[in-house]
Amino acid sequence: MPLTRRSLMDAAAASFGWRRAYGDTTKVDALLTEQSETAYTAADHTALATAKNTNALAVQPGVLDARGRILADVLYLEGVLAGARNRGLHSEVIERLEDVVDHGHELTVLLADVVRSTAAAHASSGN
């Protein structure tokens, strides 16, 4: 059975971990739903966190890891935002990207605060 051009593109995108661009909001909504369902069903996050995070210092590595990944993604999104501005994309796209970048930076600051508090809690507990 011959592959259509579209399915070949989808197969290539999937094999390289790329996401395709969709101009249809129904397809975008389906993709967003799929991402959410995958994230929520991939693992029992509560059970994993409860088992691993037995004290303040044990929380630190996971938070540091998340902060590092989020910071890298936010910096990438800053580049996307710069490109959108330089190309004169629709103002709503630019505004939404600005919101995401601002929120992402706020999130990394909050996560850094969590990391600092884990070290302070550990130090004050006498361990």
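The values are calculated or read from the model by the stated rules, or taken from the named source; none is laboratory data. Because the structure is predicted, anything quoted here is derived from the model rather than measured. For neighbour counting, all protein chains shown are included, and Cβ atoms are generated from backbone atoms with ideal geometry for every residue, glycine included. SASA here: full protein model, heavy atoms, side chains in, ligands and nucleic acids out. Shrake-Rupley method; radii C 1.70, N 1.55, O 1.52, S 1.80 Å.
Structural remarks
- Filter result for the condition that a residue is touching a Ser or Thr at 6+ places or on another chain (Cβ under 9 Å) and β-branched (Val, Ile, Thr), over VAL80, VAL93, VAL74: VAL74
- Hey, ASP65 part of a helix (DSSP H, G or I), modelled with pLDDT of 85 or more, open to solvent by 70 Å² or more (accessible area, probe 1.4 Å) and more than 30 Å from GLY126 (Cβ to Cβ) or not: no
- Verdict on TYR76 being modelled with pLDDT of 90 or more, surrounded by 10 or more Cβ atoms within 10 Å (Cβ to Cβ) and either more than 26 Å from GLU106 (Cα to Cα) or hydroxyl-bearing (Ser, Thr, Tyr) (or both): yes
- For the stretch 80-90, the tally of residues that are surrounded by fewer than 10 Cβ atoms within 10 Å (Cβ to Cβ) and either of a type in the set (S, T, N, Q) or not in a loop (DSSP other than H, G, I, E, B) (or both) stands at 1.
- Residues of the stretch 39-60 satisfying the condition of being part of a helix (DSSP H, G or I), polar (S, T, N, Q) and open to solvent by 80 Å² or more (accessible area, probe 1.4 Å): THR41, THR46, THR50
- In the stretch 58-83, the residues that are at negative phi and free of Cβ contacts under 8 Å to residues at least 12 places away in the same chain form no Cβ pair under 8 Å with any partner that is in a helix (DSSP H, G or I) and open to solvent by less than 50 Å² (accessible area, probe 1.4 Å), whether six or more places apart or across chains.
- Residue pairs whose Cβ atoms lie under 9 Å apart, sitting 6 or more positions apart in sequence or on different chains, and linking a residue in the stretch 109-124 that is under 11 Å from PRO61 (Cα atoms) to a partner that is polar (S, T, N, Q) and open to solvent by 60 Å² or more (accessible area, probe 1.4 Å), are THR118/ASN55.
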